[in-house]
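Structure record follows, encoded as structure tokens.
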Amino acid sequence: MLDAVTAQLDPPLGQALRSFDRMRRRRNSAEYPRPDTPAITPEDVVQDLGKATEFQVLAAKVLDQMSPY
């Protein structure tokens, strides 16, 4: 799904989605950790909170302009 959204938004907004993919992969590694997976710290969450808010704003801006497929 991320690839489809990025293809529709890049350029000019695809750059904003790069952090989303990083956070998605990090969440996945926290849910299915390997022995060498570093823990997610409160500082990590605070740092990414601003990016998550940016994703919400971006989605609200383009949602009515994108088809559901």
Being open to solvent by less than 40 Å² (accessible area, probe 1.4 Å) and either aromatic (F, W, Y) or in a helix (DSSP H, G or I) (or both): is that true of D3 here? no
Give the number of residues within segment 40-64 that are surrounded by fewer than 10 Cβ atoms within 10 Å (Cβ to Cβ) and in contact (Cβ under 8 Å) with a residue 12 or more places away in the chain. 0
Among the residues of segment 12-25, is there at least one that is modelled with pLDDT of 85 or more, assigned to a loop (DSSP other than H, G, I, E, B) and either among the charged types (D, E, K, R) or farther than 23 Å from A59 by Cβ (or both)? no
Which condition number does S29 fail, the rest of (1) among the small types (G, A, S); (2) more than 14 Å from the chain's Cα centre (by Cα); (3) farther than 21 Å from D3 by Cβ being met? (3)
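The values are calculated or read from the model by the stated rules, or taken from the named source; none is laboratory data. On a predicted model such as this, the values are computed, not experimentally measured, just so you know. Note that we place each Cβ from the backbone using ideal geometry, even for glycine, and neighbour counts take in every protein chain shown. What goes into the accessible areas is simple: the full protein's heavy atoms, side chains included, and nothing from ligands, DNA or RNA. Shrake-Rupley method; radii C 1.70, N 1.55, O 1.52, S 1.80 Å.
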